[in-house]
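Novice: I am attaching a structure below and will ask some questions about it afterwards.
The values are calculated or read from the model by the stated rules, or taken from the named source; none is laboratory data. Model, not experiment: these values are computed from the prediction. A quick note on method: Cβ atoms are made from the backbone with ideal geometry, for glycine too, and the neighbour counts reach across all protein chains shown.
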Amino acid sequence: MNYKISFCAKTDKGLVRDHNEDNYIIDESINFMAIADGMGGHKNGELASKIAIEKAYGIIKDFISSSSSFEKTNKDYSILTNKLLSAFDVANNEILVQSKSDEKNKGMGTTLTAVILNDMILSLVHIGDSRAYIIRDSKIKQISDDHSFVMEQYKKGIITLEEAERSPYRNVLTRALGVKDDVEYFVCEEKIKKGDIILLATDGLTKMVKDEKILEIVSSYSDNTELICSNLILEANKNGGDDNITVAVAKIDGEKLLAKIKKRIKKWILH
């Protein structure tokens, strides 16, 4: 059975930064949402995150609208996930071009986390330290990896999670768009069901609010995606608001056709 999806996204510059380098987009017509956290300082970071969002979204939107053919490069995933992967490559290349063509853009980069929902399957492509979560049955599950120096140290058993959270190197990324030509993404497909809430968040939230508190807030306002977003940002600012904060939420609820794109792509999707 398919379901209606409720979307909302919000961003806030926080209490410390004087500029917001985050960007986001949601498009209910294709069940798509994405967030990006730019780096490189002020307008450079903002430009990188803007390029990432616009390129990734534009390619997916055009692909779905045209129902054009596309050959899989990764046989483990659906055509839609493969197309999202190729959109990330285009975004990465465009940021590199902009960075090399203008000295003031040198060194800019961005995280990018994008989700598209179709036929009760979530396609996620991600790079950086923004996060994607699924909240289900009063539990929160992070479904993305943190591409950061401290998380790599944690996974190797060199430091504890608590030490990672306090480390002066916690903002050092190991992967991002716009850093080099050949980048590796985190990719996954997850089955979703009625009642699930999907949350995307930049580190302005996740470094200020622990997962347990995120779960508490999402559960308290589970009937209203706008209130989920507003209260998550409020909590991050309450705890210091050290960075820009961006959240995007999708809730699978009310019975209705989930995949508005289904008829246009069912002939080749999920082969």
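Novice: Given the condition outside any strand (DSSP E or B), of a type in the set (Val, Ile, Thr) and under 30 Å from SER101 (Cβ atoms), answer yes or no: does some residue in segment 146-169 qualify?
Specialist: Step one: of segment 146-169, the residues outside any strand (DSSP E or B) are 146-147, 149-169.
Still in the running and of a type in the set (Val, Ile, Thr): 150, 158-160.
With the extra rule that they be under 30 Å from SER101 (Cβ atoms), the set shrinks to none.
For segment 146-169, residues outside any strand (DSSP E or B), of a type in the set (Val, Ile, Thr) and under 30 Å from SER101 (Cβ atoms): absent.
Novice: Report the residue count in segment 183-199 for those that are in a loop (DSSP other than H, G, I, E, B) and either closer than 30 Å to ASP223 by Cα or in contact with a helix residue (DSSP H, G or I) (Cβ under 9 Å, 6 or more places away or on another chain) (or both).
Specialist: So the answer is 7.
Novice: Within segment 123-141, count every residue that is surrounded by 14 or more Cβ atoms within 10 Å (Cβ to Cβ) and in a strand (DSSP E or B).
Specialist: Matching residues across segment 123-141 total 12.
Novice: Separate question: Quick one: is SER6 among the hydroxyl-bearing types (Ser, Thr, Tyr), buried (at least 21 other Cβ atoms within 10 Å of the Cβ) and in contact (Cβ under 8 Å) with a residue 40 or more places away in the chain?
Specialist: No: the conditions fail for SER6.
Novice: Looking at (1) under 18 Å from the mean Cα position of the chain (by Cα); (2) modelled with pLDDT under 95; (3) not in a helix (DSSP H, G or I), can you tell me which one ASN82 breaks?
Specialist: Evaluating ASN82 over (1) under 18 Å from the mean Cα position of the chain (by Cα); (2) modelled with pLDDT under 95; (3) not in a helix (DSSP H, G or I) leaves (3) as the failure.
Novice: Additional query: Could you tell me whether GLU165 is at pLDDT 95 or above and either more than 13 Å from the chain's Cα centre (by Cα) or of a type in the set (Phe, Trp, Tyr) (or both)?
Specialist: Against the criterion (at pLDDT 95 or above and either more than 13 Å from the chain's Cα centre (by Cα) or of a type in the set (Phe, Trp, Tyr) (or both)), GLU165 does not qualify.
Novice: Something else about it: Restricting attention to segment 224-248, which residues are closer than 19 Å to LYS141 by Cα and not in a helix (DSSP H, G or I)?
Specialist: Passing the criteria: THR246, VAL247, ALA248.
Novice: Now a separate question. Being crowded, with 20+ Cβ neighbours inside 10 Å and over 22 Å from ASP22 (Cβ atoms) is the filter here, so list the residues in segment 165-213 that pass it.
Specialist: ILE192, ASP196
Novice: Here's a follow-up. Being under 20 Å from VAL247 (Cα atoms) and either out of contact with any strand residue (DSSP E or B) (no Cβ under 6 Å at 6 or more places or on another chain) or among the basic types (Lys, Arg) (or both) is the filter here; which residues of segment 171-200 pass it?
Specialist: Result: ASN171, GLY195.
Novice: Going by the conditions given, is LEU85 surrounded by 15 or more Cβ atoms within 10 Å (Cβ to Cβ), farther than 21 Å from SER148 by Cα and in contact (Cβ under 8 Å) with a residue 40 or more places away in the chain?
Specialist: For LEU85, the condition - surrounded by 15 or more Cβ atoms within 10 Å (Cβ to Cβ), farther than 21 Å from SER148 by Cα and in contact (Cβ under 8 Å) with a residue 40 or more places away in the chain - is not met.
Novice: Same structure, new question: List the pairs whose first member sits in segment 179-200 and is without any contact (Cβ under 8 Å) to a residue 60 or more places away in the chain, whose second member is surrounded by 20 or more Cβ atoms within 10 Å (Cβ to Cβ) and not in a loop (DSSP other than H, G, I, E, B), and whose Cβ atoms are under 7 Å apart, counting only residues at least 6 apart or on separate chains?
Specialist: Hits for this filter: GLY195/ILE252.
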